[in-house]
């Protein structure tokens, strides 16, 4: 997952230190075609978590929550408030993985 480390380094402002508290990862695999590829979530997300250690956060043990999704880029998508990085990835038109490091959701908050 050297590509993940490289992209994380490029997206991190100079001098910014890795986050020290608990984190939530949002991993979205935008794939080509109508059928999602058979991917083991653990085998896919674990190398990403490891690659971000020391860049997005100090250690992958800080990952308290990890959300995962697969979305076909060949279907119509409506995207609002998209980052320039994500907009560029869509404009290239090939499958890609988008990873966001965020604060964990409050575990006491009820979800529908």
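Please treat every number below as a calculation from the coordinates, not as lab data. Bear in mind the structure is a predicted one, so any value in this text is a computation, not a measurement. Note: ideal-geometry Cβ built from the backbone for every residue, glycine included; neighbour counts use all protein chains shown.
Each peptide in 60-67, 23-30 was scored by the mean count of other Cβ atoms within 10 Å over its residues; highest first, the order is 23-30, 60-67.
Which of the following values of volume of the Cα convex hull per residue in Å³ was calculated from the structure shown: (1) 138; (2) 83; (3) 107? After the calculation, the listed value that fits is (1). To the nearest 10 degrees, how steep is helix 2-11 against the longest Cα principal axis of the chain, on a 0 to 90 scale? Long axis of 2-11 versus the principal axis of the chain: about 70 degrees.
The length gained on full extension between residue 10 and residue 35, counted as 0.36 nm times the residue separation minus their Cα-Cα distance, comes to 5.8 nm. With neighbours defined as other Cβ atoms within 10 Å of a residue's Cβ, the residues 34, 83 order from fewest to most as 34, 83. With respect to the chain, whose longest principal axis is taken over its alpha-carbon atoms, helix 41-52 is tilted by about 50°.
Could you list 48, 73 in order of exposure, starting from the residue whose Cβ has the fewest other Cβ atoms within 10 Å?
Starting with the residue having the fewest Cβ neighbours, the order is 73, 48.
If contacts are Cα pairs under 8 angstrom and at least 6 residues apart, what is the relative contact order of the chain in percent? Relative contact order of the chain: 42 percent.
Considering only 17, 80, 70, the Gaussian network model of the chain with Cα springs below 10 Å gives its largest mean-square fluctuation to 80. Calculated mean residue ellipticity at 222 nm for the chain: -8000 deg cm²/dmol, from DSSP H runs with n ≥ 4 weighted as -39500 (n - 2.57), summed, divided by the residue count and rounded to 500. Relative contact order for the range 1-67: 55 percent, from Cα pairs under 8 Å spaced at least 6 residues apart, divided by residue count.
Largest GNM mean-square fluctuation across 22, 36, 14, computed for the chain with C-alpha springs under 10 Å, falls on 14.
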